[in-house]
Amino acid sequence: MNLPGAFQRMMLTAALGAAGCGLVAAQSLPGTSPARLSAGPYTDIQRGLYLVRAGDCRSCHTAPNGQPFAGGRAVPTPFGTIYSTNITPDAETGIGQWTDADFLRAMHHGIDREGRQLYPAFPYPWYTKVAPDDVAAIKAYLDTLEPVRSLPRDNELPWPLNMRTPVAAWDWLFLDTGVYQDNPQKSDAWNRGAYLVEGLGHCSACHGDKNLLGATDKDHPFGGGYAENVFAPSLTGGTRDGLGAWSEDDIVRFLKTGSNGRESAAGPMAEVVEMSTQYLTEADLRAIATYLKDLPGGASQSRGDDSRTALASDDSRMQHGAALYYDNCRACHMDGGTGQPQAFPPLKDSSSIQAEHADTLIDVILNGARKPVTDGDFTGLQMPGFAARLDDGEIADLVTYVRNGWGNSAGAVSSDTVAQLRSDTRHGGGDVR
Amino acid sequence: MARRLPEVDVVLVGFGWTASIIAQELTEQGLQVLALERGAFRDTVPDFSPAHIQDELRYAVRHQIFEAPVRESLTFRNSRDQTALPMRHLGSFLPAAGVGGAGVHWNGQCWRFLPQDFVIRTHTEERYGKAFVPEGMNLQDWGVTYDDLEPHYDQFEYLCGVSGQAGNIGGTVQPGGNPFEGPRRRGYPLPPLKRSASTVLFDKAARAAGFDPFPCPAANTSEPYRNPLGVQMGQCTYCGYCEWFGCGNYSKASPQTTVLPVLLRKDNFAYRTHCNVTRVLTDSSGTRATGVTYVDIEGNEFEQPAGMVVLCAFAQHNVHLLLLSKIGQPYDPVSGEGVVGRNYAYQITSSVDVFQKEILNPFMGAGALGQGIDNFNGDNFDHGPLGFIGGGYIALWNTGGRPILQHYLPEGTPKWGAGWKKGMHENYLTACSIATHGSVMSYRDHYLDLDPTWTDAYGNPMLRLTFDFKPNEHAMSKYLTAQARKIAEAMNPTSIKVNQRDGHYSIVPYQTTHNTGGAIMGTDPKTSFVNPYLQSWDIPNLWVMGSTVFPQNAGYNPTGTVGALTYWAAAAMKRYLANPGPLVTA
């Protein structure tokens, strides 16, 4: 494992698939902040469900094939494995005895009912921005769930991390508590977008770079970062690896359906769309788009470099990669990497393909991917994994070609990087039955 | 003792094309629908992944995704004076086992039958007189007309994303299409596939011979497509691995690529795999189906009660199930009475291989990439002086150039060794073949019944097939082959090889999986098992889908008509649900 990469894959990023750019309902009452979710037509419980989806709580708090919200999902971090907690209202093993104040303290300060520090795999550094009445609505919804008696497994963390006290120091260093405050210079939509992206959505948990202790880099909160084995691309205005070339409509459609003709969500983001963003209202998605489109571009924000030049086409890696592309990829992704409209995503001009790190692309080639299944686009077209068909060197050259063909430009990939990901990923055996 | 399960509204026997469509249509009505499938679940990824599907030995030669004769088979004989023997290997036809059925491994050749095909008895007698129909031929009208089915052909073609060139829109003949086809309400959803070199050669030669070639309708997508259910398909890559393979690129229409993404999300739909239905159950009056009995893969027997039973299994399997269930009067070839097992028919095919000099790159193919003519199909030509009934299309299909089974060698090429290699080397890139696809009529002595000797894996009598080619079919096929030969000769060949279908029907070499009849549709309960809506005459909550209901077989691949009939029946089922009972009184 290359060390910087390892440390970048920090516990926050490991908030599995929890990068939901969550949002809230559309209307606001007179006298309340427009960025905040109003009661509007919802009752508190319905509103709570909407907010729970906006925060993508269920993803992390549900084990594979487990009862919803009963916890137990393994959250792998470079420091060890953390297991999510039971947030059903079971008195003994869940949050049945928690008061609204207990819940608010957990959401805003990362401290549980017993006063213990929670690990920041639970995204309280973002939830601290959520307004108290929204937090209360979330609790109101969770209280309606069927109590499930289920104690999560103990976390598998080495000393001293298995002691919770160091987290207090972490909080002191990195946690900025406080509810989101409107920026009066910006529009209502912008503020609502900011509230949701920076709060419940906790987008920068994955899309932001992390420091050595796993805290998001506050200077580059949306510049791209690691989530599991994939690299969540930059959300800034960079035209190569950011959202610079995307329209607001592109962002809305992506979050609503999982693809938009430019990109198809893969890896943890596919789950985020399926479990979270597809349920957000059009107005909220548009608010998110407004906010994201206002993020500055350029090298100072995005870690990708818009001005870098592509590898020469006569580079031997490019030639080998082009041949592999022709044999393995072209049938669906087409000559020129254009993809097929609405079916298979283009590779040319793709921001995730040109992301600073190629891990997402490598993971998809090794293990395949499925387009998110949403109410707006439910076919769930799948790409097969090629782990059994292509070796590490072949995948490295193929990825290098795809990142540098057709006007794309991004760093070359070594076979060591592929080998590392192959051994990391869970389904490295490919798809041959 | 079978374990009794909670009742569902509708149980479907099988989970292929017809079951998928019926399930989609009836779940929209709010019914709880359950499909029981004898095979496994299969999906594009991982099962048909392009990273491994192009394996001819595994799929085409070793029959990876077909039914296993060790579990399901039938016995066969050519005539009643013979003793039938069980088929221990698949041969002439290749039914599937598994979700999607044969809809997974078909080529995608998606035709409409001709308007006359549905009224063949009336039409033949009107044009040629009653005496024209030979003794012993059970020529029957369908009880449904082309006009009845037209909206449903349209539904199925738009479901599948069929690529083609319309030949007749609303009565106006369209240039470049099939001028003989029945009028359609609109064009195909997608333009024709790109032509291959061999189909261009055929087109030119057929025109020179005075015929009217057109691109054959293909359920292979020429462009990316989203069907009316909202399901997305990718564009065909011409990989040449359609027939006998699942499509890895979401380009060949199948239940998986057109219906299942919608159906499988529904709470009121369920399916169970590895469940073999062994009986349809009826109440004591015999006028109401109460459900089915099935056996799971561990041999456990279950009773699945249902408000409606729809038989959606492969053609002859539906008949087998009816016979085992003692539903309907079994057909008696001596008296000609009875309906279950009556009017089995098939297809008669031939070909003319063409060897010439132009490089054709046959490996760039698609299952339904072809150029054809319909000048000799149905009654598009004068049968009076010819004396036979029926016809078929003539087409040059460029389905692919797989190395083991898809190559053509000139007459006299050695079967092995250096001579064979030389022949392959010289001809692989330049040879092609013209196919004829002839209709087969139904006859009094061609039928399905229970074998008196052989039993299957469940201890049930096996189905017995009695079938042969008759002089009418041989005469028709010979005539078609002669026309194909004319086209071949116009292709400037160095040589041709005529593969005429002579002699008795043999169930051993592969021909087509177009088995028809056995529980046919019609207007008279004495000569048909289901009414014109595919509803059992005797048991109004029992329905039969698929080519099982064809009274005889036309000169086309059946799937387009199977799809149209399924939508037609689904529309009738909705009327039945509003007012349960027979939709037609005899």
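None of the figures in this text is laboratory data; all of them are computed from the coordinates on show. Source: prediction; values computed, not measured. Please note: Cβ atoms are built from the backbone with ideal geometry, for glycine as well, and neighbour counts cover all protein chains shown.
Below, the figures for the structure above:
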| read-out | value |
| --- | --- |
| Convex hull (Cα only) mean projected area of the range B:1-51, reported in nm² to one decimal | 5.1 nm² |
| Relative packing of B:493-505, B:431-443, which averages over residues the other C-beta atoms within 10 Å, highest first | B:431-443, B:493-505 |
| Peptide B:226-233 - average C-beta neighbours from other chains (10 Å radius) | 4 |
| Ranked by how many other beta carbons lie within 10 Å on average, peptides A:197-205, A:118-126 from highest | A:197-205, A:118-126 |
| Cβ-placed point charges (K, R +1; D, E -1), dipole of the range A:316-425 about Cα centre in debye, nearest 20 | 240 debye |
| Listed peptides A:185-191, B:260-266 by packing density, highest first (mean Cβ within 10 Å) | B:260-266, A:185-191 |
| Nearest 10 degrees, 0 to 90: helix B:17-27 Cα axis against chain B principal axis | 50 degrees |
| Additional length obtainable on full extension of the chain from B:S495 to B:V200, 0.36 nm per residue less Cα span | 104.3 nm |
| Convex hull projection area averaged over all views, chain B, Cα basis, nm² | 25.2 nm² |
| Electrostatic dipole magnitude of the protein assembly as shown [Cβ: Lys, Arg +1; Asp, Glu -1; Cα centre; debye, to 20] | 1420 debye |
| Lys/Arg +1, Asp/Glu -1 at C-beta; the range A:316-425 dipole; positive extreme among A:Q342, A:W406, A:A388 | A:Q342 |
| Value of Rg to Rh for the range B:210-331 (Rh from inverse mean 1/r over Cα pairs, i.e. Kirkwood) | 1.10 |
| For the protein assembly as shown, with +1 on Lys and Arg beta carbons and -1 on Asp and Glu, the positive-most of B:L190, B:V8, B:G164 along the dipole | B:G164 |
| Cα-centre dipole for the range B:3-578 with unit charges at Cβ (Lys and Arg positive, Asp and Glu negative), debye to 20 | 980 debye |
| Bins of 10 Å, starting at 0 and running to the largest distance - Cα pair percent for the range B:325-405 | 13, 27, 23, 22, 13, 3 |
| Distribution of pairwise C-alpha distances over the range B:59-107, 5 Å bins, in % | 5, 18, 27, 20, 13, 9, 6, 1 |
| Exercise: per-residue mean of other protein chain Cβ atoms within 10 Å, A:366-374 | 1 |
| For the range A:163-229 and the range B:527-586, distance of Cα centres in Å | 62 Å |
| Links that overshoot a 32 Å alpha carbon limit, given the list A:K218/A:K256; A:K256/B:K194; A:K139/A:K186; A:K293/B:K266; B:K415/B:K478; A:K293/A:K348 | A:K256/B:K194; A:K293/B:K266 |
| Along each principal axis, Cα extent of the protein assembly as shown, largest first, Å | 100, 72, 52 |
| Principal-axis tilt of helix B:417-427 within chain B, Cα atoms, nearest 10 degrees | 80 degrees |
| Residue-averaged beta-carbon neighbours from other chains (10 angstrom radius) around A:376-389 | 6 |
| Cubic angstrom per residue, convex hull over Cα atoms of the range A:316-425 | 100 Å³ |
| Ratio Rg/Rh [Cα only; Rh per Kirkwood] for the range A:22-171 | 0.98 |
| Whole-angstrom gap from the range B:1-22 to the range B:51-91, using each part's C-alpha centre | 26 Å |
| Mean ellipticity per residue at 222 nm, deg cm²/dmol - from DSSP H runs of n ≥ 4 across chain B, formula -39500 (n - 2.57) | -6000 deg cm²/dmol |
| Rough spin-label spacing in nm, given labels placed 7 Å along Cα→Cβ, for B:H425 and B:N579 | 7.5 nm |
